[in-house]
Amino acid sequence: MAARRPPVGNLPADLTSFVGRADELSQVRHLLSQSRLVTLTGVGGVGKSRLALRVAHQLTRVFADGTWWVELSPLQDGALLPQAIGAALGLAERVAGDPAAALSEALAQRSLLLVVDNCEHLVPECQELLTILLRAAPGLRILATSREVLRIPGEQVCEVVPLEVPRPGVAHDPDSMAGYPAVALFARRASEVRPSFAVSEANAGAVAAVCGLSEGLPLFLELAAAQLRRLSVEQLARRLHDRFQLYTLHSAAVVARHQSLRAAVEWSYTLCTEAERLAWIRVSVFAGRFDLEAAEAVCTDERLPGGKVLDALAGLIDKSVLSCEDSGGVLRYSMLDTLREYGLGQLRASGFEASAGERALRRRHRDYYTALAERFAADWFGPRQREWSHRIRAELPEIRAAMSFSLATPGEAAAAIRLVGALDFYWWGCGATLEGSLWVERALAADPAPSRARVRAMAVHTRILISRSLHAESVQPALECVELARQFGDPADLSEALSVCGLTRAHAGDPAGGIVLLDEALALAETCPDRPITMALATLCRGGAALAAGELRQADAMATRSREVATAHGDRWWLNYTLSLAIQPALLLGDIARATAYGRQGVVGCAALEDVNGLALMLELLAWTAATEGEHVRAARLLGAAERQSRANGGNPTAEGFFGPSHDRYVGMVRAALGGARFSTEFLIGTGLTLEETVAYVHSDGAAPEPVPAAPVSPAVGTSPLTRREHEIARLIAEGMTNKQIAHQLVISQRTAEGHVEHILAKLGFATRTQVATWVLNRQDPGGGALYSRHR
């Protein structure tokens, strides 16, 4: 019996048990079978996110490409919505073009469920992007949560209503209350706080009173149950009742349900110690998850000493205000939006002295993440790149918040310049070039004053443009960066500015002019032994300029020197790019074995660092070496494997800019050798390789993964023995759908879908679904050309 496929996706684990909502779960699953967009609406605290997460967990094995969770509450800038979704899906950024179009292209052939949580503050942006994605990706289904309907064509809205509560004015006993979902949730949470708790004859009335006051809102019940650590349920009911009477006198115009939740949150706040209240207010400036070190940096002052922050956070966890989870050995804390909004409201209304006001706290928050980014920059060139890339990705919501604060607050823009420059290697080293471009352009425009920090930010800007193959656009910023660096006279800054400017000149068609600048950069790098990345950059760029000038042996020598610097310092990311440079002169000098060895080493290194950009480039270059040796089948499959990685990245960098002519030449060579139909078949096999299969294939001796026979000549293109329904199912097979997914898509039974697939295979004389997919694609393009251009 075959092992079950492990679920694919990034769904967060349930931190607490899920109670009730059986009818709603069934309803949402049914709506998702009928519509490609379902939006859960309802008031804050009603349980929209928990319901969506439970549905997603139930559907983990239904979608071939997984179920994925996108948390929008930390995202305040709607322009970054494509990047946020792409990051959640594990997609690297596209190096050029429109991010929405890149995301659409990456999802076009996928079958997945995307859960987009907390859309209400980004409704216009969600309307636009989700509409684009649904049109581009027929296998995509979206489950959204929002306090507001998204109003997208085809949207099915499911209002999440509060849990049913016991009727007031009626005597209650444990048996009669067992069927109320609000009671079940309260009892479950109460037993988690106090294991001996159970609904009894003695406390049934008090439990009914608490649930009635809650109006059936789960968040209310969670907050109330947390108080049973220090109160009996009877005391809890009396205090809540008194609190509500007082609150109602001052809030008569507020809708009852909102009034109930507000009163419960306020009551939880009043029950906190002074230290807990201060911590609640101050951690409300965090956009998402944070660790203890960050909390201490933001919260600590004379009123809340650093040694008391941990105890205050623990108290907030006990009261269900904060939750925490282990992330790689570090506890990270988070807070529901409703509770964060309350904390910010208290901060803004509390009249704190300037040292503890919102601006001061947000400045502390920004300074902490700037210091973190500068530690990242100082330590990036070395053996801890994997750890650092994961850390910065995890902190990205907070970094964005810090950047937004600096750009939106008068007098703070210089700090944004410093922060964006410190993240240099994240932007172009970890596949975030488009987002980096957005932030660096905003920061440079906001603070035009000359500074060393501006030199670094301008260098980042130029490097991003080069990585996006915008060589002509990078020339002027590169020259300005060099001019500013000369004013400040720091040799490392000037060397790096000259390196980038020299490479820009070389790729823009002036290799001789670029080499002059790069030779100066090399001389300056020799004077900076304490900054080895300066030498690594200068030698790599000098090798790139030599390659552009046709100086192959000089390019090879520079690649070797840069590689030696990276190896000496335990760096893997930079090493991979020196290998990608070294492949090209070795290939052109006829040393195919050495080029192949470099490529294989680079594939392993890029895969280990999850560097999708680098991996796609390595596979492409290995395809070139295979084509040069006449291994055209291997070359086509490697091109397909490169395409699969590039598709996750939204495009193929080797098909653009400096690499474009060579890319087109090798593709043409392989297609001419194999013929259009055979090229398409082999290319398609390559696109079907997983990452592990790709790495194994790269290191094989040419024996490919089990080849799929080419589609038979008969039935001929233009004729088909299939019925209209069978054609529809063949198209879905070509999109990668399983029989179960086909049944779901066409609203037929799985057995019926299996029967159709068997008929298709029999009529076409095929043995595998991949042959069917190849046949479908060849019918779309008999010559095989359109397949490649469509994926390019």
TODO: Of the conditions (1) out of contact with any Pro (no Cβ under 7 Å at 6 or more places or on another chain); (2) in contact (Cβ under 8 Å) with a residue 12 or more places away in the chain; (3) assigned to a helix (DSSP H, G or I); (4) within 21 Å of A414 (Cβ to Cβ), P450 clears all except one; give me its number.
DONE: (3)
Task: Any pair with Cβ under 6 angstrom, 6 or more apart, that starts in region 564-578 at a residue that is closer than 17 Å to A377 by Cβ and modelled with pLDDT under 90 and ends at one that is of a type in the set (S, T, N, Q) and surrounded by fewer than 22 Cβ atoms within 10 Å (Cβ to Cβ) - done: none
Task: Residue, nearest to the chain's Cα centre (by Cα), within region 474-499, restricted to residues that are crowded, with 24+ Cβ neighbours inside 10 Å and of a type in the set (S, T, N, Q) - done: S474
Task: Qualifying residue in region 93-108 (condition: assigned to a loop (DSSP other than H, G, I, E, B), hydrophobic (A, V, I, L, M, F, W, C) and without any contact (Cβ under 8 Å) to a residue 60 or more places away in the chain) - done: yes
Open item on the list: Out of everything in region 421-451 that is over 19 Å from the mean Cα position of the chain (by Cα) and farther than 20 Å from E483 by Cβ, what residue ends up being most open to solvent (accessible area, probe 1.4 Å)?
Closed with: R442
- [ ] Looking at (1) modelled with pLDDT under 90; (2) more than 25 Å from the chain's Cα centre (by Cα), find the lone condition where M335 falls short.
- [x] (2)
Task: First in region 143-155 and crowded, with 21+ Cβ neighbours inside 10 Å, second anywhere and in a loop (DSSP other than H, G, I, E, B), Cβ under 7 Å, 6 or more apart - done: A144/C119; A144/L150; T145/N118; T145/C119; S146/C119; L150/C119
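In contact with a Lys or Arg (Cβ under 9 Å, 6 or more places away or on another chain), open to solvent by 20 Å² or more (accessible area, probe 1.4 Å) and at negative phi: is that true of R400 in this structure? Write out each step before concluding.
Details: in contact with a Lys or Arg (Cβ under 9 Å, 6 or more places away or on another chain): no; open to solvent by 20 Å² or more (accessible area, probe 1.4 Å): yes; at negative phi: yes.
Criteria not met by R400.
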Task: Sole exception among (1) of a type outside the set (K, R); (2) in contact with a helix residue (DSSP H, G or I) (Cβ under 9 Å, 6 or more places away or on another chain); (3) at pLDDT below 85 for A190, by number - done: (3)
Task: Any pair with Cβ under 9 angstrom, 6 or more apart, that starts in region 38-64 at a residue that is closer than 19 Å to V19 by Cβ and open to solvent by 10 Å² or more (accessible area, probe 1.4 Å) and ends at one that is in a loop (DSSP other than H, G, I, E, B) and of a type in the set (D, E) - done: R50/D14; L53/D14; R54/D14; H57/D14
Open item on the list: Of the residues H471, H507, only one is open to solvent by 30 Å² or more (accessible area, probe 1.4 Å) and under 25 Å from P99 (Cβ atoms); which?
Closed with: H507
Open item on the list: Checking the structure you have, find out if any residue of region 165-182 is closer than 17 Å to V123 by Cβ and either of a type outside the set (S, T, Y) or in contact with a Cys (Cβ under 9 Å, 6 or more places away or on another chain) (or both).
Closed with: no
Open item on the list: Against the conditions (1) assigned to a helix (DSSP H, G or I); (2) open to solvent by 30 Å² or more (accessible area, probe 1.4 Å); (3) over 22 Å from Y369 (Cβ atoms), where does G502 fall short? Just the number, please.
Closed with: (2)
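For (1) touching a Gly at 6+ places or on another chain (Cβ under 8 Å); (2) farther than 21 Å from Q27 by Cβ; (3) modelled with pLDDT under 90, each residue gets a yes or a no:
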site	(1), (2), (3)
L143	no, no, no
V149	no, no, no
I152	no, no, no
C158	no, no, no
P166	yes, yes, yes
G179	no, no, yes
L185	yes, no, no
Open item on the list: Any residue in region 373-400 that is within 27 Å of S562 (Cα to Cα) sitting within a Cβ distance under 7 Å of a residue that is of a type in the set (K, R) and part of a loop (DSSP other than H, G, I, E, B)? List the pairs, counting only those 6 or more apart or interchain.
Closed with: Q385/R572
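The values are calculated or read from the model by the stated rules, or taken from the named source; none is laboratory data. Note that the structure is a prediction, hence the values are computed from the model and not measured. Because the Cβ atoms are built from the backbone with ideal geometry, glycine has one as well, and the counts that use them run over all protein chains shown. For accessibility, only protein heavy atoms count, side chains too; no ligands or nucleic acids. Shrake-Rupley method; radii C 1.70, N 1.55, O 1.52, S 1.80 Å.
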